[in-house]
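A short reminder: the numbers here are calculations on the coordinates, not readings from a lab. In this text the structure is predicted, and so the values were computed from the model without any measurement. Counting neighbours? That spans all protein chains shown, and the Cβs are built from the backbone with ideal geometry, glycine included.
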Amino acid sequence: MVDNFRLAEIPLGWYTVATSKEVKPGQVLPVKYFGQELILYRTETGEARLVDAYCPHMGAHLAHGKVQGDTLRCSFHGFEFGGDGRCVRTGYGKAVPRKAKLGTWPIREHNGFVFAWYHPERTQPDWDIPVLPGPKEGWTNFRTRQISVKSHPQETSENSVDVGHFVEVHGFGDSWYNGDLEVEGHLLKNAYGIDYLGGKLSLICNFRVEVHGLGYSLVRVNTPRFDANFNLLILSSPVDEDNVILRTAVSVRNWGPRPWTLFVREAASFGLNKEVGEDAPIWEAKRYVEKPILAEGDGPIAEYRRYCKQFYAQPAVTAKLPVVAA
Ligand code: FES
Ligand SMILES: [Fe+2]
């Protein structure tokens, strides 16, 4: 098969690299994101850290390293690296070479996720992602599922504004706008309604979407008939330029007895995961059309594309083959 038209660059922003549960105190977890081998580890006192995978001394892969108190110790010659990546000790017990510094990545951890800031020049973060309510505020923790998709975060996040595909791909009864798209710097807001069932059964849900960069979309959902409220997260993390890990996560505001709340959360998580499963084959087979032929009834695709431009250090270009003109 001919390679598809793809977006060539990984956009800067915040991306999920693990759930908090996946990395326990003292654990070393090799991960691959942004086209790079990385190590996520947690100190014995509970601080998660994301670092480059290869030891600056002689290149051992730190997946075989060990957490020792507050440091990560390489298993080859025992160099130990602290939170700022500097070598604090060698296995020889002698002077530490000043240049021995392991690359570190800015992270945030909340709501049960570890998020990493990606910028091609490895600059510090320009903005933060929101901390959402949890059990202390009367909401559940997030229920998370994940799939791997051959796609790009700009393509998967475009789903949030592509109201036109809801009926066709997901079989909803109806969908409509509830207001205009707003852009405030890195934040895009959009609102729409969906009638899940259509006809006489009619189950209406109101959606308020917040896209905080292309790796983190928050959808606040309200179902008036049941007075139920959900926070949905669609977290698209680039493994490399052509592949993402797509996590979906659901938190519910406490709704009746605990087992009911958990049942509602499970049902919503199942539904959301099913929906991205319906999108996935389309994302995997499609090509990126830079200038689509937009029609009445389409979502605000052009506004979304303009918003996306800020996340590329260089203007977004398609790779490998010429762009398809409209
Ligand atoms: S390669 Fe890591 S300590 Fe030597
Ligand atoms: Fe979709």
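When the chain is fully extended, how far beyond the present Cα-Cα distance does Tyr92 get from Ile293, taking 0.36 nm per residue of separation?
On the way: separation 201, 0.36 × 201 = 72.36 nm, distance 6.51 nm.
Result for the pair: 65.8 nm of gain on full extension.
Could you run the Karplus curve 6.51 cos²θ - 1.76 cosθ + 1.60 with θ = phi - 60° over the range 16-32 and give me ³J(HN,Hα) per residue in whole Hz, x for Gly and Pro?
Here the 3J(HN,Hα) series is 6, 10, 5, 7, 4, 5, 6, 10, 8, x, x, 8, 10, 10, x, 9, 10 Hz.
Taking the Cα centre of the range 135-310 as origin, sum charge times position over the Cβ atoms of Lys and Arg (+1) and Asp and Glu (-1), and report the length of that vector in debye to the nearest 20. Walk me through the intermediate numbers first.
Working: 20 positive and 24 negative charges, 146 e Å.
Computed charge dipole of the range 135-310: roughly 700 debye.
Can you compute the charge dipole magnitude of the chain about its Cα centre, using +1 on each Lys and Arg Cβ and -1 on each Asp and Glu Cβ, nothing else charged? Give it in debye, rounded to the nearest 20.
That gives the chain a dipole magnitude of about 1320 debye.
Which peptide among 164-175, 244-255 comes first, and what is the full order, when sorted by highest mean count of other Cβ atoms within 10 Å?
Details: 164-175: 15.8, 244-255: 22.4.
Peptide ranking by packing, descending: 244-255, 164-175.
For the chain, compute Rh as the Kirkwood radius over C-alpha pairs and then the Stokes-Einstein diffusion coefficient at 10 °C and 1.306 mPa s; write the answer in µm²/s, rounded to an integer.
Answer from the Stokes-Einstein relation: 74 µm²/s.
Taking 4 °C and 1.567 mPa s as the conditions, I'd like the Stokes-Einstein D for the range 7-118 in µm²/s, using the Kirkwood hydrodynamic radius from alpha carbon pairs. Walk me through the numbers on the way to the answer.
Details: Rh = 14.3 Å.
It comes out at roughly 91 µm²/s.
If you take every DSSP beta bridge fully contained in the chain, what fraction is antiparallel? Give it as a percent rounded to 5.
Working: 81 of 81 bridges.
Approximately 100 percent, going by the DSSP bridge assignments.
Per DSSP helix of 4 or more residues, -39500 (n - 2.57); summed, then divided by the residues of the chain. What does that give at 222 nm, rounded to the nearest 500?
For the chain, the value works out to -4500 deg cm²/dmol.
Compute the angle between helix 258-285 and the longest alpha-carbon principal axis of the chain, please, reported from 0 to 90 degrees and rounded to the nearest 10.
Between helix and principal axis, roughly 90 degrees.
Remind me, relative contact order of the chain in percent, using alpha carbon pairs under 8 angstrom and six or more residues apart? Please report the intermediate quantities before stating the final value.
Details: 694 pairs, mean separation 66.0, N = 326.
Across the chain, relative contact order equals 20 percent.
Using only Cα positions of the range 146-216, each an equal point scatterer, no hydration layer, compute I(q)/I(0) via Debye at q = 0.11, 0.12, 0.23, 0.24 Å⁻¹ and quote the log10 values to two decimals.
Each listed q corresponds, in turn, to -0.32, -0.38, -1.07, -1.11.
Please compute the modelled spin-label separation between Phe263 and Leu201, points set 7 Å along Cα→Cβ, answer in nm with one decimal.
Computed distance between label sites Leu201 and Phe263 equals 1.8 nm.
Sequence gap at least 6, Cα distance under 8 Å: using those rules, report the relative contact order of the range 135-310 to the nearest whole percent.
Values: 317 pairs, mean separation 47.9, N = 176.
Relative contact order of the range 135-310: 27 percent.
Could you derive backbone 3J(HN,Hα) for the range 286-292 from the dihedral phi with the Karplus parameters 6.51, -1.76 and 1.60 (θ = phi - 60°), listing whole Hz in sequence and x where the residue is Gly or Pro?
6, 10, 7, 9, 5, 10, x
Quick one: 3J(HN,Hα) in Hz for the range 240-254, Karplus 6.51/-1.76/1.60 with θ = phi - 60°, rounded, Gly and Pro as x.
7, 5, 10, 9, 10, 9, 10, 9, 10, 9, 10, 10, 10, 6, 3
Could you tell me whether the range 91-233 comes out rounded, prolate or oblate from its Cα gyration tensor? Rule is a ≥ b ≥ c as square roots of the eigenvalues, rounded for a/c under 1.5, then prolate if a/b exceeds b/c, otherwise oblate. Spell out each step's value before the answer.
Numbers: a/c = 2.73, a/b = 2.18, b/c = 1.25.
Note, shape of the range 91-233 comes out prolate.
Taking H placed 1.01 Å from N in the peptide plane, check which residues at least 5 places from Glu290 or on another chain put their amide H under 5 Å from its amide H.
Correct list: Val324.
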